[in-house]
Amino acid sequence: MLNPNENGYKVAGEIIRNGGLVAFPTETVYGLGADATNSEAVKSIYIAKGRPSDNPMIVHVSNQNMVKELVKELTPMAQLLMDEFWPGPITFVLPKTDKVPDVTTGGLSTVAIRMPSRDEAANLIESAGVPIAAPSANTSGKPSPTTASDVLEDMNGKIDAIIEGANCDVGIESTVLDLTTDTPTILRPGYITKSMIEKVAKVQVAYDQSLFKKPEQADFHPKAPGMKYKHYAPKANVRIVEGDKEAVLKKIDALKAESEKKGEKVIVLDYAGDGDMASRDFFRDLREGDRAGVDLFLIASYDWDEVGFSVMNRMIKSAGYDKLDV
Ligand code: TXA
Ligand code: MG
């Protein structure tokens, strides 16, 4: 563990420049960072996470100047959105230059770029002096880490250092927005929502249609390769009950009683439709429940706001698509 101070950043920056791996906090989730321009270093991220090699990384920068050498062309739309939302929890997909190795983008001709708002992330990137490729710092398939101890649980012995910072307050990963098509398209929903983007862009923004499909459907072809993999699964089972508030809560009570009769330990996750709260707490609740030996999480899904829709995208995957409509 490294402290987020001058010495910590100096050591961490050297590790990155030498091809090593450093986990660090961002406002969304903890990232597992390596020099984005060093193929060998990026390969070791895939190994530490057990991540499929066709799943591209997000490249993190600490200022807009760093973007210029990574992308072929910065369109006026990309510039507008970067000025408005960066630093912050949104990632832009743009055509890449040769400076970005193929392993970083999983062989794609585009690159996903983000400028995180947390000081720890910015200081690390500055100290390293290179753009940092960083997926979420969890073992592939598990809930994303929002605390330094979550990272330690998954990555102990597999990486060189963790910068220890406060817990992540957004709590779900960044919005991924594809800017390579005529209509800006959300490939992964996040804290920066469709309507927030539309307000600034002054054009319609689309959702990648795969967001509304199940993996077993024939026309499920997400543009973000990562969206097709098993994700966010705790050890315990997860079931979602969706519908009218009253009906949902009644059904959840019944399911809870049924499960407890079998001697199971049950946790009900009810965020009362509050997307901000759900976003901040959901992954943390899953990991805490797992540590406490829970058998079943029951998620109450009703009255979601727009951020709630983004959290629901994670919930449904963590439940393996087990959703009961009441
Ligand atoms: O908030 C975040 O974005 C966190 C923190 C650490 O910054 N990072 C993160 O990275 O969530 P990761 O690797 O867990 O998720 C990256 C997502 C994946 O779904 C991936 O497929 C997609 O972004 N992605 C990356 N590059 C892409 C590209 N060139 N085209 C389409 N999708 C891309
Ligand atoms: Mg991830």
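The values are calculated or read from the model by the stated rules, or taken from the named source; none is laboratory data. Quick caveat, the model's predicted, so the values are computed rather than measured. Neighbour counts run over all protein chains shown; Cβ positions are idealised from the backbone, glycine included. Each accessible area value is taken on the protein alone, full model and side chains, heavy atoms only, with ligands, DNA and RNA left out. Shrake-Rupley method; radii C 1.70, N 1.55, O 1.52, S 1.80 Å.
A few comments on the model shown:
- Residue count for the range 167-213 under the criterion of being open to solvent by less than 30 Å² (accessible area, probe 1.4 Å), more than 26 Å from Asp285 (Cα to Cα) and in a loop (DSSP other than H, G, I, E, B): the result is 4.
- Filter result for Glu164 (more than 11 Å from ligand 1 (Cβ to nearest atom), open to solvent by 10 Å² or more (accessible area, probe 1.4 Å), under 26 Å from Glu73 (Cβ atoms) and acidic (Asp, Glu)): no
- Filter pass, Ser109 being polar (S, T, N, Q) and within 22 Å of Arg314 (Cα to Cα): no
- Residue within the range 109-126 that is open to solvent by 50 Å² or more (accessible area, probe 1.4 Å), under 16 Å from the mean Cα position of the chain (by Cα) and more than 9 Å from ligand 1 (Cβ to nearest atom) present: yes
- Checked against (1) within 16 Å of ligand 2 (Cβ to nearest atom); (2) open to solvent by less than 10 Å² (accessible area, probe 1.4 Å); (3) at pLDDT 95 or above; (4) out of contact with any Cys (no Cβ under 6 Å at 6 or more places or on another chain), Thr147 passes all but a single condition, namely (2).
- Scanning the range 258-287 for residues that are free of Cβ contacts under 8 Å to residues at least 24 places away in the same chain and in contact with a strand residue (DSSP E or B) (Cβ under 9 Å, 6 or more places away or on another chain) turns up Glu260, Asp285.
- Of the residues making up the range 123-144, those that are at pLDDT 95 or above, in a loop (DSSP other than H, G, I, E, B) and of a type in the set (S, T, N, Q) are Asn138, Thr139, Ser144.
- Here Pro4 meets the list (1) in contact with a strand residue (DSSP E or B) (Cβ under 6 Å, 6 or more places away or on another chain); (2) within 13 Å of ligand 1 (Cβ to nearest atom) almost entirely, failing just condition (2).
- Scanning the range 214-241 for residues that are open to solvent by less than 50 Å² (accessible area, probe 1.4 Å) and within 19 Å of Ala278 (Cα to Cα) yields His231, Tyr232, Ala233, Pro234, Ala236, Val238, Ile240, Val241.
- Selection status of Leu296, more than 20 Å from the chain's Cα centre (by Cα), farther than 18 Å from Tyr232 by Cβ, among the hydrophobic types (A, V, I, L, M, F, W, C) and surrounded by fewer than 22 Cβ atoms within 10 Å (Cβ to Cβ): no
- Within the range 152-189, the residues that satisfy the criterion of being under 14 Å from the mean Cα position of the chain (by Cα) and more than 16 Å from ligand 2 (Cβ to nearest atom) are Asp169, Leu177, Ile186.
Let's see how each residue does on (1) at pLDDT below 95; (2) on the phi > 0 side of the Ramachandran plot; (3) in contact with a helix residue (DSSP H, G or I) (Cβ under 6 Å, 6 or more places away or on another chain):
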site	(1), (2), (3)
Gly165	no, no, yes
Lys213	yes, no, no
Pro225	yes, no, no
Ala233	yes, no, yes
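- Residue check, Val130 farther than 26 Å from Ile197 by Cβ and either within 16 Å of ligand 2 (Cβ to nearest atom) or of a type in the set (A, V, I, L, M) (or both): yes
- Of the residues making up the range 97-108, those that are near ligand 1 (Cβ under 9 Å from one of its atoms) and open to solvent by less than 20 Å² (accessible area, probe 1.4 Å) number 2.
- Cβ-Cβ under 7 Å pairs, at least 6 apart or on other chains, the range 213-242 side more than 26 Å from Val294 (Cβ to Cβ), far side in a loop (DSSP other than H, G, I, E, B) and of a type in the set (A, V, I, L, M, F, W, C): Lys213/Phe220
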